[in-house]
Amino acid sequence: ASAPRTGILTPMSRVGEILKGKYRLDELLGSGGMGEVYRASNTLVDRTVAIKVLHAHHVKHPEAVSRFMREAKAANAVRHRNIVDVLDIDTDDGGVPFIVQEYLEGEALGAKLEGATTVLGSDEVLDLMLPIIDAVGEAHKKGVVHRDLKPDNVLLARVDGELVPKILDFGISKVGSGDAGERAGVGAAAAG
């Protein structure tokens, strides 16, 4: 990895690697301070997925690993149509944790709003926000508070020809009353 002028290490792409003998990393979709997101293939069932991989240098920091793994648990605890679905969590052969999520194609709500040439109509706003409000309410019932809900963390996914808003990135969620001081996860979003 080369170091840009900022002094932060640029992660090397892991495209082409196979994790746990079944997840082939096909394309780097994005990278954040804590990890990278890849479009990947579950070669055993021929399914496209998104995989978030913690940057390897964070593995030696137990708090970073713990937060990363709690992100998957927070999203998985809710299980709602409008929250990204977590399919698996594991570690690679080097002990680096990764989260397998449903692969979504679409546009972030933030990008849609920035690129809008007209104001969204009230019906369109309701169609987008009511499912998100329902998902947030369900998360709160399960003791999960997202704490970073913003337009960039809502993906307007295309699912079977339908526009489905999906909440992403439970990276700094607060989980359950017993974990009131704990925070979950990383900041890279899974999307396509």
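The values are calculated or read from the model by the stated rules, or taken from the named source; none is laboratory data. As the structure is a prediction and not an experimental result, all values here were calculated from the model. Cβ atoms come from the backbone with ideal geometry, glycine included; neighbour counts cover every protein chain shown. Note: areas computed on protein heavy atoms with side chains; ligands, DNA, RNA excluded. Shrake-Rupley method; radii C 1.70, N 1.55, O 1.52, S 1.80 Å.
Observations, loosely collected:
- Taken over the stretch 137-150, the criterion of being closer than 24 Å to GLY32 by Cβ, open to solvent by less than 60 Å² (accessible area, probe 1.4 Å) and not hydrophobic (A, V, I, L, M, F, W, C) is satisfied by HIS146, ASP148.
- Flag if SER2 is over 22 Å from PRO151 (Cα atoms), part of a loop (DSSP other than H, G, I, E, B) and either modelled with pLDDT under 85 or open to solvent by less than 30 Å² (accessible area, probe 1.4 Å) (or both): yes
- Only residues that are in contact with a strand residue (DSSP E or B) (Cβ under 7 Å, 6 or more places away or on another chain) and either modelled with pLDDT of 90 or more or open to solvent by 10 Å² or more (accessible area, probe 1.4 Å) (or both) were counted across the stretch 48-72, and they come to 12.
- For the stretch 154-164, the criterion of being surrounded by 14 or more Cβ atoms within 10 Å (Cβ to Cβ), under 30 Å from VAL15 (Cβ atoms), in contact (Cβ under 8 Å) with a residue 12 or more places away in the chain and of a type in the set (Lys, Arg) is met by at least one residue.
- Looking only at residues of the stretch 80-135 that are of a type in the set (Val, Ile, Thr) and under 15 Å from LEU168 (Cα atoms), we find that the one that is farthest from the chain's Cα centre (by Cα) is ILE133.
- Residues of the stretch 24-47 that turn out to be open to solvent by less than 10 Å² (accessible area, probe 1.4 Å) and either over 17 Å from ALA72 (Cβ atoms) or polar (S, T, N, Q) (or both), as a count: 1
- Output for the stretch 36-70, where each listed residue is free of Cβ contacts under 8 Å to residues at least 60 places away in the same chain and charged (D, E, K, R): ASP46, ARG47, LYS60, GLU63
- MET12 satisfies every condition listed in (1) in contact (Cβ under 8 Å) with a residue 24 or more places away in the chain; (2) out of contact with any strand residue (DSSP E or B) (no Cβ under 9 Å at 6 or more places or on another chain) except (1).
- Among residues of the stretch 83-96 that are within 30 Å of MET129 (Cα to Cα), none has a Cβ under 6 angstrom from a residue that is of a type in the set (Ser, Thr, Tyr) at a sequence gap of 6+ or on a separate chain.
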